[in-house]
1. Nearest 500 deg cm²/dmol is fine: what mean residue ellipticity at 222 nm does the chain get from its DSSP H runs of n ≥ 4 alone, each adding -39,500 (n - 2.57), divided by its residue count?
2. Be a star and scan segment 120-158 for residues whose amide nitrogen sits under 19 Å from the point 7 Å along the Cα-to-Cβ vector of residue 303.
3. How do 128, 329 rank when sorted from fewest to most other Cβ atoms within 10 Å of their own Cβ?
4. Note the full-extension length gain between residue 317 and residue 222 as 0.36 nm times their separation in residues minus their Cα-Cα distance, in nm to one decimal.
5. Assuming 1.002 mPa s and 20 °C, estimate D for the chain with Stokes-Einstein, Rh taken as the Kirkwood radius over Cα pairs, in µm²/s.
6. Express the relative contact order of the chain as a whole percentage, based on alpha carbon pairs under 8 Å and six or more residues apart in sequence.
7. Could you give the nm distance between label points at residue 80 and residue 251, where each point is 7 Å from its Cα heading toward the beta carbon?
8. Using the scaling law 2.2 N^0.38 Å as the reference, what is the normalised Cα Rg of segment 286-349?
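Computed from the coordinates by the stated procedures, all read-outs in this text should not be read as laboratory data. These numbers were taken from a predicted model, which means no experiment stands behind them. All Cβ positions, glycine included, derive from the backbone under ideal geometry; neighbour counts span all protein chains shown.
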């Protein structure tokens, strides 16, 4: 769910540490740096991360420095920096957390509470754990489409969407990659999915590194349809009231989606490893997990935490009747380059 890499003014990520920026090299500074996919932090300061970072600092004295980017971008950055690691924690969507693991960028750590996270929502080798569950969705301008979203993938080929439909770039954006995976699942495999996405180019505005940038365009009516994810789009509905969520179906007419958890891992050779472990533990505490829905618009990753707030009820209703499938992420990780290559060839991207 990604935007271009965003750096807050106080970050010290260059090769030289500036005065007043902490003593990261010493490893004992009261800070950590988190690299994260977007969706959990709000521009107005009301997001899940905004609350969590502030509360964590109040409780521990540890400041969280934040860098936001596309899931794929973040893994590439970690790989470039592995000889001089800057980040302590990384949060990305699948299959990029598996990619980070495969590149040897993560260190095994099972946060307290992770024993209550479902097996499919954490790495088999203890390298990553879901901190908030989430699902792929599409969004539409509910005002212009009068509350009636497209029902199926084929509906997206309607000429009324020409130049007013966009999805984020597979291989770069986590949500954009999920669009590719869902198309292959719903439409009968890779070849049929690529043939469809080739036809869809007649309506598609073009590539977008950032899924997060698409929602405001849909709300304003610049776009009628885009991709997104439930957590991000549900959370910003208050500020973007013309945005509706839907799940396109295949030929059988059954709406589907796939799980896209925000997965967190301890970065190998993290400059502030002890602080990072405390932060990962904190993310899985019961109060934080209950805030995932009420503040973040997402779903708790702990199976023993049952949120009962209004947002949790609305989210449960939104997911009724939607089939959730779980891709073979190991297969996706192995074959992602070939899938993205086929998409580029089909769409001319």
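1. Working: 11 runs with 116 residues, N = 349.
So the calculated ellipticity at 222 nm is -10000 deg cm²/dmol.
2. What the label zone holds, given the 19 Å backbone N cut-off, is 120-135.
3. Going from sparsest to densest Cβ surroundings: 329, 128.
4. Numbers: separation 95, 0.36 × 95 = 34.20 nm, distance 2.83 nm.
Additional length available on full extension: 31.4 nm.
5. Details: Rh = 20.4 Å.
Rounded, D is 105 µm²/s.
6. On the way: 718 pairs, mean separation 87.8, N = 349.
Averaging sequence separation for qualifying contacts and normalising by length gives 25 percent for the chain.
7. Distance between the two pseudo-spin positions: 4.4 nm.
8. On the way: Rg = 17.6 Å, N = 64, 2.2 N^0.38 = 10.7 Å.
Normalised Rg, Cα atoms only: 1.64.
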